[in-house]
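Please treat every number below as a calculation from the coordinates, not as lab data. Note that the coordinates shown come from a computational prediction; the quantities given were computed from them, not determined experimentally. Virtual Cβ from ideal backbone geometry, glycine too; neighbours counted across all protein chains shown.
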Amino acid sequence: MFINYKSILPLLFVMGLVVVPSHAEQHIPPGRIVKAVTSAVEKAAARAQITSQADLAKSVFRVLPTGGTSPHALSGFVFKTTYQGKEEIFGAIAAHAMPTEFLGGKILPQFTARVTADNREIDIPATIVQVSSPYMLDMALVKFNPADEKLLSPLTLTTKQPEIGTSLQSIGFADEKLTFLKHINKQNTLTSLRVSLDNARTERAGMCGGPILTREGKVVGLITGDKFTAGNPAADIGFATKASYLRTLVDAYHGDIARASFPLKLGEHKIFDLNVDEHVSAIRLFDEHQNSVFDRVMIYKFPYNAVMAQLPQTRYIYLRIGRVFWNGRALLQTDPYEEYSVLYDWKEKKVIRHGWGNKFLPIFR
């Protein structure tokens with residue numbers, strides 16, 4: 001881009017970006033003025049486009065269980081959003097990394113968040129107010145005391161999906177140390193981003209729950225884990241649930257059931273709508289002759305790529321749907337008596353059976 005510096009110099013003088021004594025103007029080489037103007041323009045552009053690491057550090061927090069100790073750090077971040085015209089502040093963490101009691105492993109709705117404010121670390125109480133399944137979206141929504149919200153520096157969410165090859169960054173607490181990483185977006189699935197990892201495997205514990213960010217510092221995802229590639233660490237992939245689903249959690253928190261759901265898609269085709277707290281607990285694919293071609297009970301997240309690979313020989317898709325919820329004072333679990341099943345005809349593109357029950361074998365027509 002060509003800049004006509006002569007035309008903007010008067011403005012820059014007024015702004016104080018270039019100061020030259022009137023009696024010495026004729027003795028200053030023109031190149032020096034151009035260099036000063038260029039430097040000012042470049043610095044202003046950099047400030048407008050890139051959020052500093054110091055500012056980002058104020059937007060993340062360490063997750064500490066009740067009692068203030070943890071075997072390793074867990075990460076979270078603060079974000080702002082608008083609901084029915086009113087701005088609200090929330091926190092976000094990875095559901096699978098929620099704090100637990102040391103005895104019994106019960107997941108607690110309350111924990112301590114260690115934030116950075118006024119150039120010092122401060123511990124504030126936090127409460128988990130809405131949960132998606134660790135097997136699906138793997139997000140938990142957090143609220144803070146209103147009096148503590150003024151200490152927080154919330155990030156902004158973006159629903160714009162980064163293109164493949166886009167440079168991204170992340171921040172979290174790896175091995176209890178504030179850590180910044182650089183990433184390249186490798187793949188977009190229905191619910192997640194899959195990004196490159198540039199740090200050692202031994203330095204990743206605790207990053208889950210941190211934000212994946214654009215260069216401008218906007219949140220595009222929440223870190224939920226990574227995949228090791230035996231013998232080839234350079235091929236390791238990080239996973240992050242898309243930030244847009246945090247808005248779905250906010251809708252669920254407000255009881256907006258009509259908006260608190262998301263579609264289960266295979267390719268571009270929607271199979272079924274799931275509530276934000278539901279997940280696929282089992283899936284089985286059948287061919288035209290009702291022979292099983294894929295069989296999986298979920299102990300990790302929904303295997304999109306593996307399922308997509310089997311679709312060419314699939315006629316029927318059987319889904320068992322579970323739900324996560326608070327039981328009693330703290331325990332998060334799936335109740336098998338609350339599960340229901342869906343049988344979908346992939347050829348006809350429609351649900352042919354939908355009902356209660358947790359039997360793994362579906363009943364066909």
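Couple of notes before you dig in:
- When Asp148, Asp226, Asp55 are sorted by how many other C-beta atoms sit within 10 angstrom of their C-beta, beginning with the fewest, the order is Asp55, Asp148, Asp226.
- Neighbour-limited loop hits for GluC sites (Glu not before Pro), the stretch 104-192 (at most 11 other Cβ within 10 Å; DSSP other than H, G, I, E, B): Glu163
- Between Asn119 and Glu87, the contour length at 0.36 nm per residue exceeds the Cα-Cα span by 9.0 nm.
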